[in-house]
Amino acid sequence: MTGSDALLTTLRSVVTDGHVLTDHDAMAGYLTDWTGRWTGSADAVVRPRTTDEVAAIVSACADAGATLWLQGGNTGLVGGSVPPAAADNPAPRVVLSTSRMVDIDEVDTVGRCVGVQAGATIDQIDRAAGECGLAFPVDLASRESATAGGVVATNAGGVRMIRHGNTRRQVLGIEAVLADGRVLRRWTSLVKDNVGYDLPGLLAGSEGTLAVITRVLFRLVASPAETVVTVAAVRHVEDIFTLLDTMAERGLTVEAAEIMTEAGLDLVHDHGVRRPVAATAPFYTLIEVSGTGDIEEVVVGVLDEADVVDGVLEPGPARDLWASREQHTEAISRSSVTPVVKLDVSVPIRALPEALAELGAVADLVDHPCRPILFGHVGDGNIHVNLLDVPEDRVEELTGRVFGIVAANGGSISAEHGIGRAKVPWTGLGRSEVDLAAMRAIKAALDPDGRFNPGVIFG
Ligand code: FAD
Ligand code: MLT
Ligand code: ZN
């Protein structure tokens, strides 16, 4: 019996009823990421139901010297959730999927929080909160697949970031299985609790390199009573910030502030989504606001006074207006002849106009035709740079060009998606040697054998 066979026997004794997959076809969906760029191989995909089962799987993998790739909804965009292609290293490889860990506890309406298992989706958590008049402050277009564990592990941003902050800010408590199989549990709804290091905060953004997140205690927020969504066509990026400032001055709360371009809207329209405004302009913004009184009238007033080319508005949730923004990822992915080069950067707000112009022209810097499409969370200075039709042998060059522009503008090479495997060669653009060494020391302390997600963040 090989080491791998012995491990499979142990895994099958831990997770029964056919949830240890070894058949190639059954495993396929777990071995390729959402973008189609990253695909790999594994000896097994294991789908535990409980924290105890996760702990037993991790212990069995430790005993067998196996490596583990941690996976939630597999919507990550940086290649962090799937193993690489088979390597010389003979160590058994296991994908641990949280797809069956979907319990959601009763919502605590007084403490405004909810405990969930790691595989619960963002949509499921928000629905549970909504039934109690509350809302889950993390929201992304991948809401029906992205999981609690995934958004915490990536410290996801999303469309409500401008209002409520990133996912780390929503984590009150966490339960996680460490690399030796022990269970770490910090579970308190206390908002003030300063006993030592902020381990839940450390696991947020750890991209599955430090521990398996099994449960999360999330903060919830009040649902805004009334919202209005507007899409405006504008000549300059600065016009968007003028709109946002004026709305805030008039007492409105900005719930979301997004940016799109003509090329992106055209593509989304080609894929069946109605254009929100007829006029054409270099930029479009989608802004959602909340407030009291006749907020629709206030928004109309702001649009009338502003120098916008065109504008429409609807009372929230205005899913059709949102579709023009949220369908970008799908439409872009389906339009590129090669897997899209998806880069997710941020720059200081003051540098945004210049950086957008430079990023939009990045294709001119290389002697290969590729189509750049930019969109993103403008209020956070976060631009998603999507490069379509890039041949594989030009990916590194173009990525380097984009990151060069970002670094020169004082920005970050990863605003929200993380490093994964896609951006490992460029971490030095965002972190000093000392900083990277401190991160490696944390990895070595918590996962000394490099069992979890090898190759992610550190290469
Ligand atoms: P996965 O893709 O399965 O994994 C992502 C990373 O987390 C991997 O490194 C994995 O190993 C790790 N991980 C997953 N579960 C666990 C766990 N239980 N314990 C430890 N590590 C774990 N991202 C944003 O930030 N903002 C957006 O607005 C946004 N919009 C998106 C829209 C679309 C249409 C798509 C396809 C993606 C979008 N994303 C966005 C990216 C993605 O949805 C997020 O990164 C999300 O957080 C990933 O969740 P997941 O459950 O799919 O995680
Ligand atoms: C988004 O904001 O829609 C995303 O982060 C996904 C993407 O970059 O495509
Ligand atoms: Zn985003």
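The values are calculated or read from the model by the stated rules, or taken from the named source; none is laboratory data. Quick caveat, the model's predicted, so the values are computed rather than measured. Neighbour counts run over all protein chains shown; Cβ positions are idealised from the backbone, glycine included.
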Single unsatisfied condition, residue 321 versus (1) in the same structural domain as residue 424 (by TED's automatic domain parsing); (2) under 23 Å from the mean Cα position of the chain (by Cα); (3) part of a helix (DSSP H, G or I): (1)
Residue among 196, 264 that is touching a His at 6+ places or on another chain (Cβ under 6 Å) and either over 30 Å from residue 175 (Cα atoms) or without any contact (Cβ under 8 Å) to a residue 40 or more places away in the chain (or both): 264
Some residue of region 350-369 being within 12 Å of ligand 2 (Cβ to nearest atom), touching a residue at least 12 places away in the same chain (Cβ under 8 Å), surrounded by 16 or more Cβ atoms within 10 Å (Cβ to Cβ) and not β-branched (Val, Ile, Thr): no
Selection within region 33-52 - out of contact with any Lys or Arg (no Cβ under 6 Å at 6 or more places or on another chain) and among the hydrophobic types (A, V, I, L, M, F, W, C): 34, 38, 44, 45, 46
Subset of region 96-146 that is aliphatic (A, V, I, L, M) and within 16 Å of ligand 2 (Cβ to nearest atom) - its residue that is surrounded by the most Cβ atoms within 10 Å (Cβ to Cβ): 138
Unique residue being more than 16 Å from ligand 3 (Cβ to nearest atom), in a loop (DSSP other than H, G, I, E, B) and among the β-branched types (Val, Ile, Thr) when the list is 54, 45, 82, 58: 82
Selection count, region 1-39, where residues are touching a residue at least 12 places away in the same chain (Cβ under 8 Å), assigned to a helix (DSSP H, G or I) and within 28 Å of residue 143 (Cα to Cα): 5
Complete set of residues in region 402-459 that are acidic (Asp, Glu) and either crowded, with 16+ Cβ neighbours inside 10 Å or more than 20 Å from residue 177 (Cα to Cα) (or both): 416, 433, 435, 447
Strands (runs of 3 or more DSSP E) contained in region 326-442 and holding at least 2 residues in contact with a strand residue (DSSP E or B) (Cβ under 9 Å, 6 or more places away or on another chain) and β-branched (Val, Ile, Thr): 341-346, 382-388
